[in-house]
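Single-structure report; data block below.
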Amino acid sequence: MDGKITLGITRDLFDADGKLDIPGPGLELLNAMPEIEYRMFEQFLPEVTAEQIQGCDMVISAAARWTAQSLVGNDQLIALLYTGVGYDHIDVKALTDAGVLFCFAPDAVRRPMACTVITFILALAMKLMAKDRITRQGRWEEQNDFRGEGLMGKTLGSIGVGNIGHEVFVLAQPFGMRHLGCDPYITQADVDDVGVQLVDMNTLLAESDFVSISVPLNEETRHLVGEQELHKMKSTAYLISTSRGSVVDEAALIQALQEGWIRGAGIDVFEQEPVDPDNPILGMDNVVVAPHSLGHTDEYYRLAWSGKLRQAAQILRGEIPDSLVNTEVLETPAFQAKFKKFQTP
C-alpha cells in the first residue's frame, strides 16, 4: 500500500489529559507502524458522528454507539476495530451496508471475564463481603453466622458455553464441581475437554448451585432469565450475571432475591447503567455488585489494544483481519472498492 492511513481513536480510550488510558506501551506500539498516523477524537459523544470519523480509514472504538447516522456520506472508512465483545450498541448491518469491516476482541475478554465469573462464585460461596463487613465493624463474634460453602460436589451451570463460558469451565476444573452447559450453537464435542454435560435450560436451572450467563444481548436473549426461570432455580442457588444487564429481567431478579427464590447473586451488569442509586439490589447483603468493569484488568486492556493494532496491520497488508464479525461485508462492492488500495503492491 502506498502512503499513510489515518487511524481514529475514540476519546473514551484517553484520560482527561489526552493520554491513552491503557496499561503498557500503548501508542508507542504505533511507532513500529509508520504507515499509520493516529488521531484522537476531540470529545467523547454517546454516539459517534459522521463528522468525527471524516478522514479516517479505520477507527478503534470502545463504548460509543455506532448507527447508520454515524456513517452518512462516508466512503473512506474501511474498518471499525472494537475493543470488546458485546456489541449491542453497534449497528452491524449499517456497517455492512457501508462496506465497513467490524472486528471485535474475543481473545482479550476471554480470560478476564472468566475470572470475573470465578471471582463472583468464590466471593458468594465464601461470604466474602459479609465477612469483610463484620471485620471492619468490629463484629468479630458474628463470624460463625457467615460460614462459607464448599464447592466440591456442587454444580456449576453456564447458559452459553462459547468463548467466555468455555473458559469459565477451564478455570473451574480444580474445584471438583459438576459442569452443566446450555448452548444451542455448540455440540457436546465442543465441551468434552472441560467436562461439561450439555442439557436443556430447564435442567440446568433446576440442578445448578451456581448459574452463570455468558451470552450476547440480542432479541433472542433479552430477558432470557426472568420470573419463570428464576423460579426453576434452587432456593440455595446463586445467579452470576456478567454479560449484559437486559439478559436478566431485573425486576424479577429483585423479587427473587427479596423473597428468597434464590440465595444470592453476583452482578456486574444492570439494565440501567450507571445503576440507579435507589436500586434495591444495592442494599442487599446477599448480592455482590460491580460497575460493569470487573473484567477491566491490565491483561484485558493490553490484549485488546495489541489486538486492534494487529487487525489494523492485517488490513494494511491487504489481508482479511481476524475476529471479523460481519463476514458478509467482504462481498459488497462498497468494501471491495475501498480494499483495493490496501492490496496495491
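Cβ-Cβ contacts under 7 Å between residues 6 or more apart (or on different chains), taken from a first residue in region 324-345 that is touching a residue at least 60 places away in the same chain (Cβ under 8 Å) and of a type in the set (D, E, K, R) to a second residue that is surrounded by 11 or more Cβ atoms within 10 Å (Cβ to Cβ) and not in a helix (DSSP H, G or I), are listed as 338/78; 338/99; 341/1. Quick one: in region 1-16, which of the residues that are over 27 Å from the mean Cα position of the chain (by Cα) and charged (D, E, K, R) is nearest to residue 299 (Cα to Cα)? Selected residue: 4. Only a single item in (1) under 19 Å from residue 287 (Cα atoms); (2) surrounded by 12 or more Cβ atoms within 10 Å (Cβ to Cβ) is not met by residue 235, and it is number (2). For region 216-237, the tally of residues that are within 20 Å of residue 120 (Cα to Cα), part of a loop (DSSP other than H, G, I, E, B) and touching a residue at least 60 places away in the same chain (Cβ under 8 Å) stands at 1. Comparison of 213, 240 shows that the only residue that is touching a residue at least 60 places away in the same chain (Cβ under 8 Å) and in contact with a Ser or Thr (Cβ under 7 Å, 6 or more places away or on another chain) is 240.
Among the residues of region 41-70, those that are within 24 Å of the chain's Cα centre (by Cα) and of a type in the set (A, V, I, L, M, F, W, C) comprise 41, 44, 45, 48, 58, 59, 60, 62, 63, 64, 66, 68. Name the residues in region 317-345 that are outside any helix (DSSP H, G or I), within 16 Å of residue 94 (Cα to Cα) and either polar (S, T, N, Q) or outside the structural domain of residue 100 (by TED's automatic domain parsing) (or both), would you? The answer is 326, 332. Going by the structure shown, is residue 6 crowded, with 17+ Cβ neighbours inside 10 Å, among the hydroxyl-bearing types (Ser, Thr, Tyr), touching an Asp or Glu at 6+ places or on another chain (Cβ under 6 Å) and at pLDDT 95 or above? Judged against the criteria, residue 6 is a match. If you filter region 140-170 down to residues that are of a type in the set (A, V, I, L, M, F, W, C) and in contact with a Lys or Arg (Cβ under 8 Å, 6 or more places away or on another chain), you find that the one that is nearest to residue 200 (Cα to Cα) is 156. Taken together, 108, 114 contain a single residue that is in a helix (DSSP H, G or I), modelled with pLDDT of 95 or more and either surrounded by fewer than 15 Cβ atoms within 10 Å (Cβ to Cβ) or touching a Phe, Trp or Tyr at 6+ places or on another chain (Cβ under 8 Å) (or both), which is 108. If you check 162, 153, 176 for being small (Gly, Ala, Ser), in the same structural domain as residue 131 (by TED's automatic domain parsing) and under 17 Å from residue 238 (Cβ atoms), only one passes: 153.
Would you confirm whether or not region 275-296 contains a residue that is within 26 Å of residue 241 (Cα to Cα), among the hydroxyl-bearing types (Ser, Thr, Tyr) and touching a Cys at 6+ places or on another chain (Cβ under 7 Å)? No, that holds for no residue.
Given the residues 184, 274, which is the only one that is assigned to a loop (DSSP other than H, G, I, E, B), in contact (Cβ under 8 Å) with a residue 12 or more places away in the chain and in the same structural domain as residue 112 (by TED's automatic domain parsing)?
The unique qualifying residue is 274.
For residue 261, the conditions (1) surrounded by 14 or more Cβ atoms within 10 Å (Cβ to Cβ); (2) part of a loop (DSSP other than H, G, I, E, B); (3) touching a residue at least 40 places away in the same chain (Cβ under 8 Å) all hold with the exception of (3).
Among the residues making up region 32-47, those that are surrounded by 13 or more Cβ atoms within 10 Å (Cβ to Cβ), touching a Lys or Arg at 6+ places or on another chain (Cβ under 7 Å) and not in a strand (DSSP E or B) are 35, 41, 44.
Looking at residue 97, is it surrounded by 18 or more Cβ atoms within 10 Å (Cβ to Cβ), among the acidic types (Asp, Glu) and not assigned by TED's automatic domain parsing to the domain that holds residue 267? Outline the logic, then answer.
Values: surrounded by 18 or more Cβ atoms within 10 Å (Cβ to Cβ): no; among the acidic types (Asp, Glu): yes; not assigned by TED's automatic domain parsing to the domain that holds residue 267: yes.
Considered against the rule, which asks whether it is surrounded by 18 or more Cβ atoms within 10 Å (Cβ to Cβ), among the acidic types (Asp, Glu) and not assigned by TED's automatic domain parsing to the domain that holds residue 267, residue 97 comes out as no.
The combined condition, being under 24 Å from residue 302 (Cβ atoms) and out of contact with any Pro (no Cβ under 9 Å at 6 or more places or on another chain), is not fulfilled by residue 64.
Within region 120-159, how many residues are more than 30 Å from residue 185 (Cβ to Cβ), among the hydroxyl-bearing types (Ser, Thr, Tyr) and surrounded by 13 or more Cβ atoms within 10 Å (Cβ to Cβ)? If you could, list the steps in order and put the result at the bottom.
Of all residues in region 120-159, those more than 30 Å from residue 185 (Cβ to Cβ) come to 126-150, 152.
Within this subset, residues satisfying the condition of being among the hydroxyl-bearing types (Ser, Thr, Tyr) are 135.
Filter again for surrounded by 13 or more Cβ atoms within 10 Å (Cβ to Cβ), leaving none.
Selection size over region 120-159: 0.
The values are calculated or read from the model by the stated rules, or taken from the named source; none is laboratory data. Keep in mind it's a predicted model, so treat the numbers as computed, not measured. Note: ideal-geometry Cβ built from the backbone for every residue, glycine included; neighbour counts use all protein chains shown.
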